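To start, the structure under review is shown below, and the notes come after it.
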Amino acid sequence: MSKNDKLATQIVSVGREKKFTKGIINPPVFRASTVVFDTMDEMRFAIKNKTNGEMFYGRRGTPTHFSFQQAISELEGGVGTALYPSGAGAISSALLSFLKSGDHLLMVDTAYEPTRDLCNKMLAGFGIETTYYDPMIGEGIRELIRPNTKVLFLESPGSITMEVQDVPTLSRIAHEHDMIVMLDNTWASPINSRPFDMGVDVSIQAATKYIVGHSDVMMGTATANEKCWDQLRENSYLMGQTTSPDDVYLAARGLRTLGVRMAQHNKNALNVANWLASRPEVDHVRHPAFETCPGHEFFKRDFSSGNGLFSFVLKQGDLASVTAFVENMAHFKMGFSWGGFESLILGVFGINNIRTATQWDSSKPLIRLHIGLEDTDDLIADLEAAFERYN
Ligand SMILES: Cc1ncc(COP(=O)(O)O)c(CNNC(=O)CNC(=O)c2ccccc2[N+](=O)[O-])c1O
């Protein structure tokens, strides 16, 4: 694959070198714990090259893993990619790979709830202090940096309230203070932004979402630049992080259609979001492509496309009316996660319980949608019926 190939060609080609595929189209599923050697020289060579694609032991990976790791690294623009059993596993392993007792962490206030829980319930116990910051803080982040601040963690956009962060500015300031910049880049997936061009050192994906794309595998990836790859890879290995080659095969299979699925999710979501924006019951739509979404200007600058996940805020409502809205939908099902081919809906309450550096106006209910690959005529009809029940 050439770096000059267009994205659609890269998505088809990345990670499919013959050394991984053995001549077939999709890299085979190599399941392994023990790898055997005929000579001591062969074993010594494997030990020497165990971190760069030489089969050594199951936990270091097999060609199934190496192929997918290379594919994600090339699409994200990093040097190397570590794999984890879930997105949350990628987040925890990335943080634990670079933080030690006595360190200070800057965590975006709009982080995915389990990320916040990790900081408060585990990292605190290890003597790692977390300060949460406003996603729109920009240059103001300087006031929060201490001599022991080691990591700046971003999630852009926030996966519920959708604020888009000024990643290049925050990364520049963090690097002035020798901090490591980590980005939960799940919303962009590996194709809709260039994290390393924005100064990110470790880009994290819940592959569970759009990469897998079929709601049938849990997986996480963390891709690092030259500065951070060795430390991320070795510390993740020390923590025993590994993934099933069967899951990796399914994730790689999903990856090959990521471009076409993402384009359709984006088109469908904009169609539904524009319709919602016209509804009198809607206070505003929080889709990064809309001016009503905080950080819209950064979305226009830093992203090449949107996806199917966005939220909208109703002008009024309570638990009963929102329940009437979200229950009994024909196509939107209530469920956690997103990024599969199906449409999902979540009425999100208690946002202020997962905010400590910002304040959310809880008087107006928020509903998060994942727009799948269904025909948007049917999705809009489903939402029309929901408004009938809500009103
Ligand atoms: C941005 C981001 N980053 C990492 C992960 C974790 O991935 P994993 O599920 O593979 O571990 C995720 C997983 N996403 N899951 C969800 O969004 C499901 N929603 C929730 O978990 C949730 C929890 C509490 C309150 C509100 C929500 N919510 O999103 O509405 C993510 O969105």
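The values are calculated or read from the model by the stated rules, or taken from the named source; none is laboratory data. Note that the coordinates shown come from a computational prediction; the quantities given were computed from them, not determined experimentally. Note: ideal-geometry Cβ built from the backbone for every residue, glycine included; neighbour counts use all protein chains shown. Accessible surface is based on the protein model in full, side chains and every heavy atom, while ligands, DNA and RNA are left aside. Shrake-Rupley method; radii C 1.70, N 1.55, O 1.52, S 1.80 Å.
Structure summary
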item: ALA381/PHE341 FRET efficiency (R0 22 Å; Cβ-Cβ; nearest 0.05); result: 0.70
item: Per residue accessible area in Å² of segment 1-103, where ligands, DNA and RNA are left out and the probe is 1.4 Å; result: 51
item: Solvent-accessible area of ARG172 with every protein chain in place, 1.4 Å probe, in Å² to the nearest 10; result: 110
item: Per-pair calculated FRET efficiency, R0 = 51 Å: SER304 and VAL35 via Cβ, rounded to 0.05; result: 0.80
item: Segment 237-278 and segment 368-383: distance between their alpha carbon centers, rounded to Å; result: 17
item: Surface share of carbon and sulfur [accessible, 1.4 angstrom probe, percent] for the chain; result: 53
item: Separation of alpha-carbon centers, segment 297-361 and segment 1-40, rounded to whole Å; result: 38
item: Segment 232-303, dipole about Cα centre (Lys/Arg Cβ +1, Asp/Glu Cβ -1), debye to the nearest 20; result: 280
item: Test item: Cα-centred dipole of segment 86-145, Lys/Arg +1 and Asp/Glu -1 on Cβ, debye; result: 240
item: Mean Cβ count within 10 Å, highest first, over the residues of peptides 126-132, 355-361, 91-97, 199-205; result: 199-205, 91-97, 126-132, 355-361
item: Fraction of the pair-distance distribution of the chain above 42 Å, Cα-Cα pairs, percent; result: 13
item: Under 19 Å from LYS19, Cα to Cα: aspartates and glutamates that are on another chain or at least 8 residues apart; result: GLU42, GLU54, GLU74, ASP246
item: Relative contact order (%) - criterion: Cα under 8 Å, at least six apart; region: the chain; result: 16
item: Label-point gap, in nm, between SER101 and VAL348 - each point 7 angstrom along Cα→Cβ; result: 3.6
item: Above-threshold pairs, the threshold being 29 Å between Cα atoms, out of LYS150/LYS364; LYS333/LYS364; LYS22/LYS267; result: LYS150/LYS364; LYS22/LYS267
item: Dipole-positive endmost among PHE66, LEU346, PHE312 within the chain (Cβ charges, Cα centre); result: PHE66
